[in-house]
Amino acid sequence: MNKNSRIYVAGHRGLVGSAIYRRLESEGYTNLVVKTSTELDLRRQADVEAFFEKERPVYIFLAAAKVGGIMANSTYPADFICDNLMIQTNIIHASYKYGVKKLLFLGSSCIYPKHAPQPMKEEYLLTGELEPTNEPYAIAKIAGIKMCQTYNKQHGTNFISVMPTNLYGPNDNFDLETSHVLPALIRKFHEAKLQMEQVKAKVKDFTQPEPQPKPDLKPQPVVIWGTGTPRREFLYIDDLSDACLFLMKEYDGSEIINVGVGEDISIRDLGSLIKEIVGYEGDIAYNDSRPDGTPRKLLDVSKLNALGWKAKTSLREGIARTYDWYVKNKR
């Protein structure tokens, strides 16, 4: 890609798209094309083709998607499969129709079977049943992969597919009903910390008329869904954007590429780490009536490492940066 290449970042306001956009800007790319969802509904084929006809992008980062955690996927399964199928189908087909030079499609590690051997290699795709709690989303992403591969085969396009592990970082979704586990825990621990500070402040306030009931200094524990035993891998979002730019420059092929750190952590240990970083002094409880999801999700990133790329940000450092962003930007 040249610095003045016409580059469309689809989904530039989301976690992934915003990180890719920031990275491109920092690298000096000056001809970036973006549209908000109100300006361009990617689910509408006619609107997408009109956009391509007018803007004529040369390179595309397809990061637009409907995403969410276990609760959102379980509550809105039809939305997750329908919206994602429409978005990616419209963009991939228009990219072929209007001669896009190269497209990078963002998939997800949930495409792999629920009980796939660990760490998960790219060739494990479609070798077993999916995790039921996010199956509709996973099926949509698998369809996107197959579209890229078949368009490459039939039409000679250069569409590559990248499978990132669980992502987190600035501009994440911290809504407790729709977010993924890491940002949800950051918010839970932060709010519990603030409540504890308010209780302590009341104890020190001697201006209140007597008698005053003694505040309970022991807060309610922060509740984490499931048993805490599942293991997950987490990749800082700026590392993903770095990997995407690297692959757009260095990789041409139809085979999918995993992007991760190659290490995982239990949800129980993740909760303890976030608790420490946030500075919460209360307890943690586990609601084992809620689903755990896939027992373990760790990507084999040997293919990407062999190409010359490795993640740089440690989990502790990434969470600290994300928490700092959340405190400064929460609404």
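Readers should treat all values here as calculations from the given coordinates under stated rules, not as data from a laboratory. Nothing here was measured: the structure is a model prediction, and the numbers come from that model. Counting neighbours? That spans all protein chains shown, and the Cβs are built from the backbone with ideal geometry, glycine included.
Listed values, structure above:
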| read-out | value |
| --- | --- |
| Partners for Lys54 among lysines (Cα-Cα distance below 24 Å; same-chain residues under 8 apart left out) | Lys3, Lys35, Lys97, Lys101, Lys102 |
| Cβ-based net charge around Gly228, under 9 Å, with every Lys or Arg adding one and every Asp or Glu removing one | -2 |
| Cut-off under 5 Å, modelled amide H: who pairs with Asn166 long-range | Glu233, Leu235 |
| Distance-filtered residues of region 298-329 - backbone nitrogen under 16 Å, label point 7 angstrom along Ser272 Cα→Cβ | 316 |
| Label zone at Glu25 (point 7 Å along Cα-to-Cβ), backbone N below 20 Å, region 291-331 | 321-331 |
| Identified option (computed semi-axes √(5λ) of the Cα gyration tensor in Å; candidates (i) 28, 26, 17; (ii) 33, 25, 19; (iii) 39, 22, 18) | (iii) |
| Neighbourhood charge, 13 Å Cβ-Cβ cut-off, centred on Gly156 and excluding it, Lys, Arg +1 and Asp, Glu -1 | +2 |
| Cα centroid separation - region 80-94 against region 259-273, whole Å | 31 |
| Karplus-derived 3J(HN,Hα), 6.51/-1.76/1.60, for each residue of region 120-132, Hz, glycine and proline x | 7, 8, 4, 6, 7, 4, 6, 9, x, 6, 7, 5, x |
| Efficiency of FRET from Cβ geometry, Thr38 and Asn329, R₀ 22 Å, rounded to 0.05 | 0.55 |
| Segment Glu197-Glu129, length gained on full extension (0.36 nm per residue, minus Cα span) | 19.8 nm |
| Near-label residues of region 5-32 by backbone N, under 19 Å of a point 7 Å along Cα→Cβ of Lys97 | 8-11 |
| Gained length - Ser302 relative to Cys82, 0.36 nm times residue gap less alpha-carbon distance | 75.9 nm |
| Gyration tensor (Cα) of region 229-331, equivalent ellipsoid semi-axes in angstrom | 29, 19, 11 |
